[in-house]
Amino acid sequence: MSRGPSLALRAAAYLLAAQLVAVGGGWICALVLGLFGLEDFATSLDEIAYPRTRELIMASIERGADGALRVEPTQALLAELAHNPKLKYAVFEPIEMRPAPGSSPELVTALTSLRALHPSWVHFSLDPHQHGRPTGYLQSRETPYGPVSIGVHGFTFRWPDIFVSMFYDAKWMSAYFGPAILFSIFTSWFAVRRGLAPLRDIAAEAARIDMDTLEQRLPDATTPAEVRPLVVAFNQALERLDAGAARLRRFTANAAHELRTPVAILTARLDAPKQPSFLLDLQGDAHRIRNIVEQLLATTRLSDSPARSAEEVDLVASSRRVAADALLLAVQNGRQIEFDAPNSAVFVRGNRAALESVLSNLVDNALRAEPEGGSVIVRVGADAMVEVIDHGEGIAEADRELIFEPFWRKSEAPPGTGLGLTIARELMTRLGGQIIVGDTEGGGATFKLSFRRLPQE
């Protein structure tokens, strides 16, 4: 079995994604709060232009033949100056704060006074009457020519500045948050692994359950709340499986027991082949065994393929076929079968073999209950109701549910198919119909099979 994706790694990945979203969202929130002038976050759109403008100036720094630095504006810096004539810049050697040729004289004059301080990062404004955020920066930066101090003033915002600012912020944020995030990934994975330990314990418990221990259940009292619905559903599935297995074991045992009865009777008859009714009794025993086997097969087929119960079945044709099959045996035993049905077909949704198996069982039971010389009536109604009517002793109202229990018999004297009515009810349930027991007028029992008739086209 191939190994599925790790839930611990997936959870750690989600935690990492959440942290990245939180960092990005925090950056955006800080920017928005700054634009609205909130204290400690106050900024302006023009300040976002500083990283891009600073890079334009750094790209314009050259070292002359005499070894001294100078500023030779590139085409990009010239285009920026054309767009923003108020832009001023200055480049200083970091130790003595010696200005590089090409720097803006006004800015050089203003910043030279800071020489004794050896500044690395300064916010400033050239306008003494300006209040609020400063409009200039002096910052020490590494360049291909070594460290320099770069002063910039009067930069203005352009839309690409947002992405440039995000890129440079991401660089320092990754240096600051990167190790923390990597450590967080490891600790998250470890924490999730520890947190999922109860799930592994539950899996170990489930692995010990097999067909011989279906009565066991997974513990849910100490199960984490997030996993409890899965454990409860699994336990409910085990209950259904346990009940189904119990029914199967009971059904198999009952079927074996039920087959043993007619086989024992058949064996006993074979020991006395000279009895006058030997052949007739043999045919009856074989007919009952066939009924049991057909009902078992019908039940198994419907269980294996529920789609088998979705075909159209003509109740009239199926009932006539069952009555005709049982007629010869009925006549040989001194009974008759009367068949009453509409002239036209009555279609229902079901399975023909299962339906005929149920009907055959009812006809066989009725023939055994019918007094000698009497007639069993098989009647098909236009309302998709099939009735099997006998004129025997009938079934007491108190026994009309008990007769559907496996091997229930009012008396042990007459041979019968004790499992037949149990299977008949189960088959009718799967076919979407009902089996009803009532009284026959004048005495006897009437079994009714009720179906839902299909509409006529």
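A few comments on the model shown:
- Taken together, the criteria exclude Asp127 from residues that are modelled with pLDDT under 90 and within 60 Å of the chain's Cα centre (by Cα).
- Residue match in the range 176-193 (condition: modelled with pLDDT under 70 and either loosely packed, with under 15 Cβ neighbours inside 10 Å or of a type in the set (D, E, K, R) (or both)): yes
- First in the range 278-303 and aliphatic (A, V, I, L, M), second anywhere and modelled with pLDDT under 70 and outside any helix (DSSP H, G or I), Cβ under 7 Å, 6 or more apart: Ile292/Thr417; Ile292/Leu419
- Criterion violated by Leu259 - all others in (1) over 30 Å from Ala330 (Cβ atoms); (2) at pLDDT below 75 satisfied: (1)
- Filtered residue count, the range 445-457, keeping only those that are in contact with a helix residue (DSSP H, G or I) (Cβ under 9 Å, 6 or more places away or on another chain) and more than 23 Å from Ile423 (Cβ to Cβ): 1
- Residue count for the range 422-457, restricted to those that are within 25 Å of Gly374 (Cβ to Cβ) and acidic (Asp, Glu): 2.
- Pairs, first in contact (Cβ under 8 Å) with a residue 24 or more places away in the chain in the range 185-207, second of a type in the set (Phe, Trp, Tyr) and assigned to a helix (DSSP H, G or I), C-beta under 8 Å, six or more apart: Ala206/Phe234
- Of all residues in the range 110-124, exactly one satisfies the criterion of being under 24 Å from Pro73 (Cβ atoms) and either under 60 Å from the mean Cα position of the chain (by Cα) or at pLDDT 90 or above (or both), namely Val122.
- Scan of the range 322-357 for residues that are of a type outside the set (A, V, I, L, M) and closer than 22 Å to Ala369 by Cβ, ordered by number: Asp325, Gln332, Asn333, Gly334, Arg335, Gln336, Glu338, Phe339, Asp340, Glu356, Ser357
- When Thr156, Thr135, Thr112 are checked against the criterion of being exposed (fewer than 15 other Cβ atoms within 10 Å of the Cβ) and among the hydroxyl-bearing types (Ser, Thr, Tyr), Thr112 stands alone in meeting it.
- Those helices (runs of 4 or more DSSP H) of the range 36-88 in which 3 or more residues are modelled with pLDDT under 90 occupy 45-48, 50-59.
- The set of residues in the range 208-241 that are exposed (fewer than 10 other Cβ atoms within 10 Å of the Cβ) and touching a residue at least 24 places away in the same chain (Cβ under 8 Å) comprises Met211, Thr222.
- Note on the range 82-98: among residues that are surrounded by 13 or more Cβ atoms within 10 Å (Cβ to Cβ) and either within 11 Å of Ile150 (Cβ to Cβ) or hydrophobic (A, V, I, L, M, F, W, C) (or both), the one that is farthest from the chain's Cα centre (by Cα) is Met97.
- First in the range 338-366 and among the acidic types (Asp, Glu), second anywhere and in a helix (DSSP H, G or I) and modelled with pLDDT of 90 or more, Cβ under 6 Å, 6 or more apart: Glu356/Ser318; Glu356/Val322
- Pair list, Cβ < 7 Å and 6+ apart or interchain, from the range 377-406 residues that are in the same structural domain as Gly438 (by TED's automatic domain parsing) to residues that are charged (D, E, K, R) and part of a loop (DSSP other than H, G, I, E, B): Ala384/Arg452; Asp390/Glu370; His391/Glu370; Gly392/Glu370; Asp399/Lys410
The values are calculated or read from the model by the stated rules, or taken from the named source; none is laboratory data. It should be emphasised that the depicted structure is a prediction, and the values quoted were computed from it without experimental measurement. Cβ coordinates were reconstructed from backbone atoms using ideal geometry, including for glycine residues, and neighbour counts include every protein chain displayed.
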